[in-house]
Structure formats: structure tokens, C-alpha cells
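Step one of this worksheet: look at the structure below.
The values are calculated or read from the model by the stated rules, or taken from the named source; none is laboratory data. Treat the numbers as computed from the prediction; the structure is a model and nothing was measured. Here the Cβ is made from the backbone with ideal geometry for all residues, glycine too, and neighbour counts use every protein chain on show.
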Amino acid sequence: MIKAQPISWFYENLPELQIIEDKFKDIIRKNYNLSGFVSLDTPAVERLEILTSKWADDSEIYALHRIHAENLSDVSMWLRFDLTVPLARYIGQYEWELTFPFKRQQIGRVYRWERPQKWRYREFYQADVDIIWNGKLALFADVEILSTIYSSLKELDFWDFVIHVNNKKFLSWFLLSIWIWEDKLVETISIIDKKEKIKWDKLQIMFTDIGINKEQIDKINEFVDLWKQKTIDEITSDFSDINNELLQEWIKELSYVYKNLLLLWIDEKFLKINPAISRGLNYYTGTVFETFIGWAEWMWSIASGWRYENLASNFTKNNFPGVGGSIWLSRLLSVLAELDKIRPETKTVSQVLIVNMWDEFLTNNLQIVKNLRKMLISTELYLDPEAKIQKQLKYANNKGIPFIIIAWEEEINNWIIQIKNLKTWEQYEIKMEKLNYNLFF
């Protein structure tokens, strides 16, 4: 007999957690819609040259081939590792048919080979929003992405969270100011990006391996911890008198984004400037952010965002800068479950169970089902009319169905039914024509 077990580190839920995940998706999609992002769905597979156009490390990309393929080395389909690179290909393909700025949302599974560790899967859901422009991308796009991610997380109402915001111009200026030259910038920023995931002594070794000296390492450590001691206003004030074009550009951009986020009623307690936030992928430029759960900031990020000036440059001669954000939905649910901040209450979406006791009254029961479903009330009729009522009640209780309806033989001919609330154990009789939505909500 084959062992019933999925491939490790691939993602699936029991019904009670799947219901919560679906609810989260609906809330996220609603908030994305409110900000004017149109839904998009690209294929799960792409050509390898598409995926590696912005990510050189193909060791994390899964290949897809037929079992009976003649030559397994000749693979032409590769699973996407994120939703952003397929978007870039989509823009290049349909640039003359789209209206810009193009505001897109996509909730979908992505596939990435990861070293097995807690809260990191090899197949997982992302919920992305992006704004693409066919010219100079207005800075307000950064505000729009941040506010949309914020409103989505706020309505999920799971726990306190903090959005850590940075700008790669700030980080680049600082590294150049301590004599780390451009040929080492990408490697250095990539190591800084690992600061919340790897112990500092190991990071020091990684810095040393690429030629960064101890004095520079100490300055990096002090710089990336600024957010722990100072507010946004204090950090910008400390650097406002330095005459450097790159730095002043960062201060101007950050102040603009921060001011407009507050105008959109975002509580400033949810925002921090964190110079350590850099995002590892090399196509990110400008604004970057990571989001962590309030007092559990030591855990993995649950949402991220980034600006990219030339993402679609591999697919078109025209320039299409963009800015985007992503809620790491699978990880968010796993972290919240670990923190005991989500507690599944039901294993079903059904609101009402019709107790099925007599075949001869099936027509009457189906009329009740029909009426309730017309009212958009999730309703099911117990399948077996010969099952005892105790068994049917146990079924409803085990699944968490809050209401049952019983049509007794002596009352059904008068179209009288009995409604029972299984949470409060209240019950009452009602005429069929008096059935309405508010009785069950």
C-alpha cells in the first residue's frame, strides 16, 4: 500500500485552516480591489531564460517534464519562483494592449527550492500588487503599494504588525561613505539582507570573506541598528545637513512617502525606518520594506515590497519601471497558528443543516434548501434519510454547523419548521414563508 504522505515542505491545509486561508484571500482581494488593482493570472510555468533574466541562481528553480520524455535534460518548462518576473514577461508581451499605469493584483502559488526550515515552504501562496508605468514612475506609487498592504493586514485583524521601510539609496550612500566600492555593493547588501536570519558572528565571517575590514563591519552594524533607537524624524534629521545628492534624494523621497501615508490614515506606530532592510533580489531598487508581527519581529517577514526601475528591460526596448508588494500568505498563516493567534472554529462553510428523516418529505426539504440557498445561506441536506437524528446532530456538531432545521411529520404539511441553534441551544418554530437571512446571522 502506498503511504499517504505529500512531498515534504509543500503546502496543504485541513478544512478548518483552509477556511481561514480562503477568508484571508477574500479580505486581501477586497482591499486590493478597493485600491484599483485588476486581477491577473499568469501560467505557473515559464521558460528558463524568462525566470533567470532577473535571477541568476537557477539552482532554486524547479523544472517540469513528462515522465516518459525522451530526453530529460531537454526541459522546456520551469515553475515560477515568484509572481514578479512572469509579470515582467507579461508586460513585454502585451505592452501595446495595456493601459498605463497598469495596476495589477495576483494571488497564486509559487515554487522555490529552499533549505528545509520553519515557516519556509517550497510551494507557497503569495498575494501580490504591482504598479507598472511606461515612463518615469511617480513616487506616489510607493505610497499606494504601502497603504494597500497596510489596509489588507489591518483588516485581517490578527495581531499587531510593524512595516520596516528603507530605501536602497540610503544604504548605497552609507556603504560608499565607508569606502565600500560599487564592485562590492551587491554582495554587501545581500549579506545585510540576512541580518535578521543569521547570527552576527556568522555575518562577520561573510563580510570578511568578501574583503570588508573590521572597522567597516562595526560601522555597518551600528548603522543597521539605527531603527532600534530612533524615530523616522530623528533619523532624517541626523542626515539632513550632509551635502550628498544620493542621500538628500533619499531624505526627500522618504519624507514624501511617510507624509502621504499618514494622510491616508495609516497610524505611524505601524511604520519604522530600518536601514537593514534591503531585499536580496538584484532587480530591486529604491523603496523596500518588510513587515513583521509586533512583538514577534524575530520571526520571518510576513509581507514585503520593492521598487524596480528596469524589470521588463529584458523583454522590451521600452522602459517599464514598477513598484510592488507581496503578502506571504502561507507563511503568515503558519506563523499565526504557531503564535496561537488564529483558532479554527469550524470545519465547514455550511450555515444550516436540514435534518433528513423521511424520503416521502424529500420534496419539502428540497424546497427549504432551495429557498435558503436563494438567500445566499450555505445549506446542506443530510445525505442519508435512514440515519438516526442523533447521528445527524453529531455530524452538524463535529463540523461546526451552527443551525439545524427539522421538519416534523405532523408539522410539515402546514409548512411549519423547527430551527435549532447548536451554539446556544435555542429553538423555535416558524412558518416556511417567514424564513429570512437574519435568522441565521
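A few points about this structure:
- Set Glu380, Glu345, Glu409: member being touching a residue at least 24 places away in the same chain (Cβ under 8 Å), under 30 Å from Lys118 (Cβ atoms) and not assigned by TED's automatic domain parsing to the domain that holds Ile302: Glu345
Conditions tested, residue by residue: (1) closer than 19 Å to Ser151 by Cβ; (2) assigned by TED's automatic domain parsing to the domain that holds Arg331; (3) not hydroxyl-bearing (Ser, Thr, Tyr).
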position	(1), (2), (3)
Tyr90	no, yes, no
Thr99	no, yes, no
Arg104	yes, yes, yes
Arg109	no, yes, yes
Arg112	no, yes, yes
Arg122	no, yes, yes
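- Hits in the range 156-202 - residues which are under 26 Å from Ile145 (Cα atoms), touching a Lys or Arg at 6+ places or on another chain (Cβ under 8 Å) and assigned to a loop (DSSP other than H, G, I, E, B): Phe158, Trp159, Asp193
- Candidates Asn213, Asn314 - the one that is at pLDDT 85 or above and either in contact with an Asp or Glu (Cβ under 9 Å, 6 or more places away or on another chain) or not assigned by TED's automatic domain parsing to the domain that holds Thr52 (or both): Asn314
- Of all residues in the range 414-441, those being in a loop (DSSP other than H, G, I, E, B) and closer than 24 Å to Pro385 by Cβ number 4.
- Top-ranked residue in the range 270-286 [being within 14 Å of Ile163 (Cβ to Cβ) and in a strand (DSSP E or B); ranked as modelled with the highest pLDDT]: Leu271
- Of all residues in the range 92-107, those that are farther than 10 Å from Phe320 by Cβ have Cβ atoms under 9 Å from Cβ atoms of residues that are of a type in the set (Asp, Glu) and assigned to a loop (DSSP other than H, G, I, E, B), 6 or more apart or on another chain, in Gln106/Asp41; Ile107/Asp41.
- Of the residues making up the range 287-311, those that are polar (S, T, N, Q) and modelled with pLDDT under 80 number 1.
Rundown of residues vs (1) crowded, with 18+ Cβ neighbours inside 10 Å; (2) free of Cβ contacts under 8 Å to residues at least 40 places away in the same chain; (3) under 36 Å from the mean Cα position of the chain (by Cα), yes/no style:
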position	(1), (2), (3)
Val352	yes, no, yes
Glu360	no, yes, no
Leu366	no, yes, no
Ile389	no, yes, no
Leu393	yes, yes, no
Gln418	no, yes, no
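- Helices (runs of 4 or more DSSP H) within the range 1-95 that include 3 or more residues modelled with pLDDT of 95 or more and loosely packed, with under 14 Cβ neighbours inside 10 Å: 15-34
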